[in-house]
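Notes follow the structure.
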Amino acid sequence: MSKQRRPLIAGNWKMNGLVGSATPELQELVKRAGDHPDPKCDILICPPATLLYEMVSLAEGSAVKIGGQNCHANESGAHTGDISAEMLKDAGAEYCIVGHSERRADHGESNAVVKAKAEAALRAGLIAIVCVGETLVEREGDKTLDVISDQVRNSLPGGATASNTVIAYEPVWAIGTGKTPTPENVADVHAHIRKELGSMMGDSDSVRVLYGGSVKGSNAAELMAVENVDGALVGGASLKAVDFWPIVSTCI
Ligand code: 13P
């Protein structure tokens, strides 16, 4: 991890959690964070939208920030079932994940759609976490760096800066599978992302690039030690405070 970039350890709860089960987990996370009055990293939980308001109020005054998992590109309008970035902000969110591979796959979100959502997040005053990552077929076809270049160049919001945008590299084949790339593979992709950012924005050296995909307590330290890895985007291991905390502990 770099000294110039403050790490971010983010939990993506995906479509998991009810008030009854999520409340004690967030309370436990807030309690553990409270034992570190001067944390050296940012801590974020992105619950399902139904839990945002509740989780924001539980986390209030703590180091734990709350974010959304997706947003619509428009501010408001006739889009049944959708949620705007402004609504997330209104509920107390500070970040919004966009372009997660599950949304790219399940909802056919193209780079252009992801870019529009990232721009909506910035418009609302949220920090956009833009996800990129190759599939197994792309990796085996030696296309990883080309796919990443295409996604980074075409999904990032106009006006991206180190303070309003975070990139998350999540190889699709590593998500929820227990498989992770080698530290060398992660280093190669993160260096490539940073090179791409260098040609797109002025303060690219300060942009945080997270790794995501089967991060857990047992592999977090090794992954977080990789050059240009500035934190983690964690799925399954973020659902329980007892599993998430060892990952946070690598940087707090
Ligand atoms: P897992 O940590 O469950 O592999 O999920 C990663 C992810 O998709 C986070 O956004």
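All of the numbers you see were taken from the coordinates with simple rules; none came from a lab. Remember, predicted model here, so these are calculated numbers, not experimental data. Quick reminder, even Gly has a Cβ in these numbers, built from the backbone with ideal geometry, and neighbours come from all protein chains shown.
Between the amide H of Lys65 and those of Ile43, Leu44, Ile45, distances stay under 5 Å, these residues lying 5 or more places away or on another chain, with hydrogens modeled in the peptide plane.
Roughly how many Å is it from the Cα centre of segment 7-69 to that of segment 99-142, as a whole number? Centre-to-centre distance over Cα atoms comes out at 23 Å.
Of the residues Lys179, Lys14, Lys89, which exhibits the maximal mean-square fluctuation in a Gaussian network model of the chain defined by a 10 Å Cα contact cut-off? It is Lys179. For segment 157-167, the Karplus equation 6.51 cos²θ - 1.76 cosθ + 1.60, evaluated at θ = phi - 60°, returns couplings of x, x, x, 5, 9, 5, 8, 10, 9, 10, 9 Hz by residue, with Gly and Pro reported as x. Taking the chain as a Gaussian network of alpha-carbon nodes connected by springs under 10 Å, the highest mean-square fluctuation of the residues Tyr169, Tyr53, Tyr211 belongs to Tyr53. Panel order for Ile175, Ile167, by other beta carbons found within 10 Å of each beta carbon, from fewest to most: Ile175, Ile167. Listing Glu109, Glu94 from fewest to most neighbouring C-beta atoms within 10 Å gives Glu94, Glu109.
In summary, the lysines within cross-link reach of Lys117, defined as a Cα separation below 25 angstrom excluding same-chain residues under 8 places away, comprise Lys14, Lys65, Lys89, Lys195. Here each label is just a point 7 Å from Cα along the line to Cβ, and for Val137 and Ala191 those points are 3.0 nm apart.
Here the peptides 147-160, 58-71, 17-30, 230-243 are ranked by packing, the mean other Cβ count within 10 Å, and the order with the highest first is 230-243, 58-71, 147-160, 17-30.
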